[in-house]
Amino acid sequence: MNTTTSTTPAVKPKLRIATTSLAGCFGCHASLCDIDERILALAEVAEFDRSPLTDIKHVRPQCDIGLIEGGVANAENVHVLREFRANCKVLVAVGACAINGGLPASRNHLDVTECLRRVYCDRGEGDRQVPNDPELPLLLAQVHPINEVVRIDYFIPGCPPSGDAIWKFLTDLIAGRMPRLDHALLRFD
Ligand code: SF4
């Protein structure tokens, strides 16, 4: 009688990574795609949760890493950012807009009501009204860095950070190391 028992090695569950763009231009997501074929190595250990790369609409609980591009410019941005914070173990501000508001924050010295009036009422053809459909998220008076709304664990500077910087950051984090970017990978433009 064969008394040996076969045991199947436990399959390590993949990490989950969620990404979103708040008030951003998707340039930081383009940089994520710049990791090119390394995404195959990433797919060995991780899968994407809510992201423009998937059709998942909400971050599922206990997501491992949340990558946030863009600052906070409207009520929907606040809602999405809070959902990420509630469901992601580690939350990362990716790029200048997430870290300090970036280009969208250049409107901060202007009055929002006046901006809307100038754009929609003073120019062009049509009914010349500020759009007020309830589906449209309300603009905030100013664009905020995301750390003014929720706690952030890490920041990756740059406009955008390079694909190499994002790759180094993710591989450090996934390996359980403190993420470190060498000088050559840091950029502030
Ligand atoms: Fe775009 Fe730069 Fe903002 Fe990233 S940091 S979303 S690349 S403007």
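The values are calculated or read from the model by the stated rules, or taken from the named source; none is laboratory data. Predicted model only: the values in this text are computed from it and were never measured. Neighbour counts run over all protein chains shown; Cβ positions are idealised from the backbone, glycine included. For accessibility, only protein heavy atoms count, side chains too; no ligands or nucleic acids. Shrake-Rupley method; radii C 1.70, N 1.55, O 1.52, S 1.80 Å.
The set of residues from the stretch 101-113 being touching a Cys at 6+ places or on another chain (Cβ under 9 Å) and open to solvent by 90 Å² or more (accessible area, probe 1.4 Å) comprises just one member, 103. The set of residues in the stretch 107-163 being of a type in the set (S, T, N, Q) and either modelled with pLDDT of 95 or more or assigned to a loop (DSSP other than H, G, I, E, B) (or both) consists of 108, 129, 132, 142, 147, 162. For the stretch 51-74, the count of residues that are closer than 21 Å to residue 138 by Cβ, among the small types (Gly, Ala, Ser) and touching a Ser or Thr at 6+ places or on another chain (Cβ under 7 Å) is at least one. Checked against (1) more than 21 Å from the chain's Cα centre (by Cα); (2) loosely packed, with under 13 Cβ neighbours inside 10 Å, residue 116 passes all but a single condition, namely (2). If you filter the stretch 76-100 down to residues that are in a helix (DSSP H, G or I) and open to solvent by 50 Å² or more (accessible area, probe 1.4 Å), you find that the one that is farthest from the ligand (Cβ to nearest atom) is 86. Within the stretch 12-36, if we keep just the residues that are within 10 Å of the ligand (Cβ to nearest atom) and hydrophobic (A, V, I, L, M, F, W, C), the residue that is surrounded by the most Cβ atoms within 10 Å (Cβ to Cβ) turns out to be 28.
Scanning the stretch 37-75 for residues that are open to solvent by 30 Å² or more (accessible area, probe 1.4 Å), within 22 Å of residue 170 (Cβ to Cβ), touching a Leu at 6+ places or on another chain (Cβ under 9 Å) and among the aliphatic types (A, V, I, L, M) yields 39, 45, 53. Counting residues in the stretch 168-189 that are among the β-branched types (Val, Ile, Thr), within 21 Å of residue 106 (Cβ to Cβ) and surrounded by 11 or more Cβ atoms within 10 Å (Cβ to Cβ) gives zero.
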